[in-house]
1. Any chance the stretch 70-85 includes a residue that's in the same structural domain as Glu38 (by TED's automatic domain parsing) and over 24 Å from Gly129 (Cβ atoms)?
2. Among the residues of the stretch 102-118, write down those that are surrounded by fewer than 20 Cβ atoms within 10 Å (Cβ to Cβ) and within 14 Å of the chain's Cα centre (by Cα).
3. Please work out which one of (1) charged (D, E, K, R); (2) without any contact (Cβ under 8 Å) to a residue 12 or more places away in the chain; (3) outside any helix (DSSP H, G or I) is the condition Glu64 fails and give its number.
4. Among the hydroxyl-bearing types (Ser, Thr, Tyr), part of a strand (DSSP E or B) and under 21 Å from Leu72 (Cβ atoms): does that describe Tyr152?
5. Take Asp78 and decide whether it is out of contact with any strand residue (DSSP E or B) (no Cβ under 7 Å at 6 or more places or on another chain), of a type in the set (Asp, Glu) and surrounded by fewer than 12 Cβ atoms within 10 Å (Cβ to Cβ).
6. Please go through (1) surrounded by fewer than 16 Cβ atoms within 10 Å (Cβ to Cβ); (2) under 19 Å from Ala8 (Cβ atoms); (3) modelled with pLDDT of 95 or more for Leu65 and return the number of the only condition it doesn't satisfy.
7. So, in the stretch 121-140, how many residues would count as being touching a residue at least 40 places away in the same chain (Cβ under 8 Å) and more than 20 Å from Gln77 (Cβ to Cβ)?
8. Just checking, how many residues over the stretch 88-138 are part of a loop (DSSP other than H, G, I, E, B) and not aliphatic (A, V, I, L, M)?
Amino acid sequence: MKKQYISAKGMKDLKQELNYLMENERPEIIKQIATAREFGDLSENAEYNAAKERQLFIERRIWELQQKIATLEVISQDKISNKDEVRFGAIIELHDKRKGQIVQYKIAGEDETGRNESIRLISTKSPIGRSLLGKKVGEVVKVHAPIGIIEYEIKKIEYR
């Protein structure tokens, strides 16, 4: 299995979610199941069935988070030796040649993308992320996307 990386902030967020599920959601759903059982016949008890489905979802998510936390490797910006190249954690300013616009992305782990950040987070496994890794300022990368090939020129790389 290929190693997967995450930032310290991303790991903190996963641990907070796990803690919330274990300390808040799990006990709450156990109470809901107990209450629903009091309504009688379980085979036709919608509240009980909904609570059991929610419990399954919560337990599955807890298991998933525990597995991720155990296997992900936290990457510190201090450990990145060649800061002239796009690596995990880099903030890249790109010129989108098709649109004629400047866009900014941060290379992140899969579990960090989609979070509400000021800079758009893209995964190292996304088409853009894969195309950018190892590249330097001034290089042009071609990304194969569903809408066709998109060309980006790397204008700036920074780590913060």
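1. No, the stretch 70-85 contains no residue that is in the same structural domain as Glu38 (by TED's automatic domain parsing) and over 24 Å from Gly129 (Cβ atoms).
2. Glu110, Thr113, Gly114, Arg115, Asn116, Glu117
3. (3)
4. no
5. Spelling it out, Asp78 is indeed out of contact with any strand residue (DSSP E or B) (no Cβ under 7 Å at 6 or more places or on another chain), of a type in the set (Asp, Glu) and surrounded by fewer than 12 Cβ atoms within 10 Å (Cβ to Cβ).
6. (1)
7. Residues that pass the stated criteria total 1.
8. Residues flagged as part of a loop (DSSP other than H, G, I, E, B) and not aliphatic (A, V, I, L, M) within the stretch 88-138 amount to 22.
The values are calculated or read from the model by the stated rules, or taken from the named source; none is laboratory data. Because the structure is a prediction, the values reported are computed rather than measured. Positions of Cβ are backbone-derived with ideal geometry, glycine not excepted, and every protein chain shown enters the neighbour counts.
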